[in-house]
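Single-structure report; data block below.
The values are calculated or read from the model by the stated rules, or taken from the named source; none is laboratory data. Note that the coordinates shown come from a computational prediction; the quantities given were computed from them, not determined experimentally. Here Cβ is always computed from backbone atoms with ideal geometry, including for glycine, and neighbour counts include all displayed protein chains. Accessible surface is based on the protein model in full, side chains and every heavy atom, while ligands, DNA and RNA are left aside. Shrake-Rupley method; radii C 1.70, N 1.55, O 1.52, S 1.80 Å.
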Amino acid sequence: NAGVTQTPKFRVLKTGQSMTLLCAQDMNHEYMYWYRQDPGMGLRLIHYSVGEGTTAKGEVPDGYNVSRLKKQNFLLGLESAAPSQTSVYFCASKVGTGAGAEAFFGQGTRLTVV
Amino acid sequence: EDQVTQSPEALRLQEGESSSLNCSYTVSGLRGLFWYRQDPGKGPEFLFTLYSAGEEKEKERLKATLTKKESFLHITAPKPEDSATYLCAVQAAATDSWGKFQFGAGTQVVVTP
């Protein structure tokens, strides 16, 4: 059982380049989330999805877009990368919003924008 | 606005030296408080969920407790393999919260032999 898989694991971008991060889960979870993790700031929510074809903004959405065309996949896009987007990105999924529904996390994508 | 504050930021322990981590929170109705462990270069790994004040949960050398304002993660007789960053997160009870977590910044624990 793979759980939550993120690709790629590492990436270096030049300022202004674009890229897409892929998150895939095999647990049939409805809810999926993209977080970024920066030193001393904890995990901050970028965008999330409550089902196939639905997405919403989180705490720090600027500069990012997302799509959820299939239930198992959640894509995070950077249209024009900036050095401020250098971070570690984590995808998570949950079965629902009920009490006790813990989130399962991927292994992360380390992105450096130069 | 939901807030989670963890203290201390870092903790260095000798093997066998018990200690506690603190997670203070403010949330408009608590649906659940979650503890995660994160090893370097890895994603967070689920440890516990606590739902209401007075609740306690244990797993090996870890014990989590919850009050109306804070949660503690007690590490009893830690071993070097307990070295990790411990993250606390809350989920609000509001129906429009969509299961989102508000995370604290974490406590980095180093246990030396």
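Observations on the model:
- Qualifying residue in segment A:71-82 (condition: touching a Gly at 6+ places or on another chain (Cβ under 8 Å), open to solvent by less than 10 Å² (accessible area, probe 1.4 Å) and touching a residue at least 40 places away in the same chain (Cβ under 8 Å)): yes
- Total residues in segment A:45-65, condition surrounded by 16 or more Cβ atoms within 10 Å (Cβ to Cβ), touching a Gly at 6+ places or on another chain (Cβ under 9 Å) and not β-branched (Val, Ile, Thr): 4
- Checking each residue in segment A:55-86 for being assigned to a loop (DSSP other than H, G, I, E, B) and within 14 Å of chain B (Cβ to nearest Cβ) picks out A:Gly58, A:Glu59, A:Val60, A:Pro61, A:Arg68.
- Odd one out for A:Thr20 among (1) facing chain B (nearest Cβ under 10 Å); (2) more than 24 Å from B:Ala89 (Cβ to Cβ): (1)
- For segment A:14-54, filtering for residues that are under 18 Å from B:Phe101 (Cβ atoms), hydroxyl-bearing (Ser, Thr, Tyr) and part of a loop (DSSP other than H, G, I, E, B) leaves 0.
- Of all residues making up segment B:63-113, the number that are touching a residue at least 60 places away in the same chain (Cβ under 8 Å), away from chain A (no Cβ under 14 Å) and in a loop (DSSP other than H, G, I, E, B): 4
- Filter pass, A:Arg11 being surrounded by 19 or more Cβ atoms within 10 Å (Cβ to Cβ) and either over 13 Å from the mean Cα position of the chain (by Cα) or in a strand (DSSP E or B) (or both): no
- Against the numbered list (1) more than 10 Å from every other protein chain (Cβ to nearest Cβ); (2) assigned to a loop (DSSP other than H, G, I, E, B), A:Thr112 comes up short only at (2).
- Picking from residues in segment B:22-62 that are away from chain A (no Cβ under 14 Å) and in a strand (DSSP E or B), the one that is surrounded by the most Cβ atoms within 10 Å (Cβ to Cβ) is B:Leu62.
- Flag if A:Ala92 is loosely packed, with under 15 Cβ neighbours inside 10 Å, in a strand (DSSP E or B) and within 14 Å of another protein chain (Cβ to nearest Cβ): no
- Every pair of residues 6+ apart whose Cβ atoms lie under 8 Å, when the first sits in segment A:28-54 and is more than 9 Å from chain B (Cβ to nearest Cβ) while the second is of a type in the set (Asp, Glu): A:Ile46/A:Glu59; A:Gly51/A:Glu30
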